[in-house]
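What follows is a single structure, written as structure tokens, with notes after it.
The values are calculated or read from the model by the stated rules, or taken from the named source; none is laboratory data. As the structure is a computational prediction, the values presented were derived from the model and not from experiment. Glycine also receives a Cβ, built like all others from the backbone with ideal geometry; neighbour counts cover every protein chain displayed.
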Amino acid sequence: MLKIDGLRVNYGGIEAVKGITFQVPERQIVTLIGANGAGKSTTLRTIAGLVKPSAGRIRLQAEDITGMSPDRIVSKGITLVPEGRRVFPDLTVLENLKIGAYLRKDSLEDDLEWVYSLFPRLKERSWQAAGTLSGGEQQMLAVGRALMSRPKLMMMDEPSLGLAPLVVKDIFSIIKKVNEQGVTILLIEQNANMALHIADTAYVLETGRITLTGTGEELLNNEAVKKAYLG
Amino acid sequence: MQFALSIFLSGISLGGQYALIAIGYTLVYGILRLINFAHGDVFMVAGLLMVYLSAFLGSFLSPGAAIGVGLILVLALTVALGFAIERAAYKPLRSAPRMSVMISAIGVSYLLQNFATYITGGLPQTYPALPLLSNNVIIGGVSTKVVTVVTPFLVAVLVIALTQLINHTKVGMAMRAVAKDFETSQLMGIKINNVISMTFVIGSALAAVGSMLYFTNYPSIVPLSGSLPGLRAFVAAVFGGIGSIPGAVVGAFIVGMSESIIKGSPFSIFSDAFTFALLIVILVVKPTGLFGEKVTDKV
């Protein structure tokens, strides 16, 4: 579905991504794991159109989407749940969900119901300002907001960051559920254990290069991965 | 009593006119964190446009029609000017430090003033009498122009319309989102440049309406006519808490009223000194203004 070919990105004067090639097959959960500064976030931000690559191609199905503006990429069906959730604190929960569907002109009722069924807590709080939600609820809202654009591919940047272990478990079970309903997932995580458990395909990223590939299970049992990322 | 009434009338009318300018400062600041120093000069250009357009249109339209068409054209051209300034002077500096954008704004301000001097030859231009607005009425024994009475109501209508737009429409939601977080707004598919242009369009339109009300009360316009009202409106926006629309309106009425009171006292020569002393006091006592948000990273 998504093909990344020889992607290089300069970010803040250094080459953060040094020519990576990988694929996200349709309906799978794919994860990129790696330490801080490995280039994971930069990769997702480049796919989302926030950063322009210096070389390489990004293809969605057959179409070349390299260097397109973020709004066009959203309209192609790719969405990013940003690191640190970044909900709009002054907007209500409902407004946050509606703004996720900013480019859509059709009725939102069905999708609102869908998101509320995934996250009943958001329905209870739909009139509350998003800034008053707990961290876990804000993460749910960020995922719900992304789903409101009806994405084919949902990218997630460190969804477990700063959340309690129980909440992380909840979030991951929702990710699986969303995936079973047909949304392809590209996930990056420092919490490699959780990510590898749900991933169909996994890549290890080290200082801007992909060093290992396999199914989630293969990497879970890989000695090098165990040593470096699973502690 | 009559004296007090006349002070009050001129105070709220002045306050309303400042409010229309102050909203332009506060909207742009809310989104770009930029103090748009050229805003007062856009207000002046709107006044000059009315002078020249009414004379030009008057040569082949009836006087009433010339004014009517003139008002609409002034509104449209002022909006176009605000839009063009943003695209030419601020947009290319989107990722530059904020200080650079501010200096660009100061540059645009001088550019507009000098251009106006070139066009007018520095001579005061007589503002055309607007039908109805320029007529005199007598309220409670005080003779004043209709515009004085109309201003607060017109301002109220425009402010209510604007808050409805911001709080209850999709564009308004996008404006609130962009004001908080450029990058996440882009991820939602919002074209932030369009939203930023929109704030300049709204601000310029309000400044154009403000110029029609303001200059009706004054005999003539000079190229510097925008700078003091602009500064006072800026003080009003800071007073109310820059970034907040209700704040700008309340601040403008306070600045307008105090200016009117001092101009009616023996100390009238100090009226501007008082306005700016007020600014210093606010900045010392409550740096975020009456309704301002707590933000740590301001210029």
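Restricting attention to the stretch A:183-213, which residues are under 16 Å from A:ILE171 (Cβ atoms) and of a type in the set (Asp, Glu)? Give the steps one after another, and end with the answer.
So in the stretch A:183-213, the residues under 16 Å from A:ILE171 (Cβ atoms) come out as A:183, A:185-199.
Scanning the stretch A:183-213 gives a single hit, A:GLU189.
Yes or no: B:LYS145 surrounded by 12 or more Cβ atoms within 10 Å (Cβ to Cβ) and either closer than 19 Å to A:MET148 by Cα or away from chain A (no Cβ under 14 Å) (or both)? Judged against the criteria, B:LYS145 is a match.
Yes or no: B:THR120 hydroxyl-bearing (Ser, Thr, Tyr), in contact (Cβ under 8 Å) with a residue 40 or more places away in the chain and touching a Leu at 6+ places or on another chain (Cβ under 8 Å)?
Numbers: hydroxyl-bearing (Ser, Thr, Tyr): yes; in contact (Cβ under 8 Å) with a residue 40 or more places away in the chain: yes; touching a Leu at 6+ places or on another chain (Cβ under 8 Å): yes.
Here the answer is yes, as B:THR120 does meet what is asked.
Considered as a group, the residues in the stretch B:71-105 that are surrounded by 14 or more Cβ atoms within 10 Å (Cβ to Cβ), more than 30 Å from A:VAL51 (Cβ to Cβ) and not small (Gly, Ala, Ser) include one that is modelled with the lowest pLDDT, and that residue is B:LEU71. Across the stretch A:97-114, which residue is surrounded by the fewest Cβ atoms within 10 Å (Cβ to Cβ) among those that are outside any loop (DSSP other than H, G, I, E, B) and touching a Gly at 6+ places or on another chain (Cβ under 8 Å)? Across the stretch A:97-114, the extreme among qualifying residues is A:LEU97. Pairs are defined by a Cβ separation below 8 Å, a sequence spacing of at least 6 or placement on different chains, a first member in the stretch A:91-105 that is more than 7 Å from chain B (Cβ to nearest Cβ), and a second member that is surrounded by fewer than 20 Cβ atoms within 10 Å (Cβ to Cβ) and of a type in the set (Phe, Trp, Tyr); the pairs so defined are A:THR92/A:TRP127; A:VAL93/A:TRP127; A:LEU94/A:TRP127. The numbered conditions (1) over 23 Å from the mean Cα position of the chain (by Cα); (2) at positive phi; (3) away from chain A (no Cβ under 14 Å) are all true for B:LEU132 except (1). Among the residues that make up the stretch B:219-233, is at least one of them crowded, with 23+ Cβ neighbours inside 10 Å and either modelled with pLDDT under 90 or hydroxyl-bearing (Ser, Thr, Tyr) (or both)? Scanning the stretch B:219-233 turns up at least one residue that is crowded, with 23+ Cβ neighbours inside 10 Å and either modelled with pLDDT under 90 or hydroxyl-bearing (Ser, Thr, Tyr) (or both).
Return yes or no: is B:ALA88 under 15 Å from B:ILE196 (Cβ atoms), aliphatic (A, V, I, L, M) and out of contact with any Gly (no Cβ under 7 Å at 6 or more places or on another chain)? It is true that B:ALA88 is under 15 Å from B:ILE196 (Cβ atoms), aliphatic (A, V, I, L, M) and out of contact with any Gly (no Cβ under 7 Å at 6 or more places or on another chain). Identify all residues within the stretch A:53-75 that are within 14 Å of chain B (Cβ to nearest Cβ) and either touching a residue at least 40 places away in the same chain (Cβ under 8 Å) or of a type in the set (Asp, Glu) (or both); write none if there are none. Those that are within 14 Å of chain B (Cβ to nearest Cβ) and either touching a residue at least 40 places away in the same chain (Cβ under 8 Å) or of a type in the set (Asp, Glu) (or both): A:ASP71, A:VAL74. Go through the residues of the stretch A:136-151 one by one and say whether even a single one is within 30 Å of A:ASN193 (Cβ to Cβ), more than 11 Å from chain B (Cβ to nearest Cβ) and charged (D, E, K, R). Checked against the condition, which is being within 30 Å of A:ASN193 (Cβ to Cβ), more than 11 Å from chain B (Cβ to nearest Cβ) and charged (D, E, K, R), the stretch A:136-151 yields at least one hit.
Among the residues that make up the stretch B:61-70, is at least one of them outside any helix (DSSP H, G or I) and modelled with pLDDT under 95?
Our first condition is that a residue be outside any helix (DSSP H, G or I); within the stretch B:61-70, this holds for B:61-62.
Add one more test, that the residue is modelled with pLDDT under 95, and what stays is B:61-62.
Checking the stretch B:61-70: at least one residue is outside any helix (DSSP H, G or I) and modelled with pLDDT under 95.
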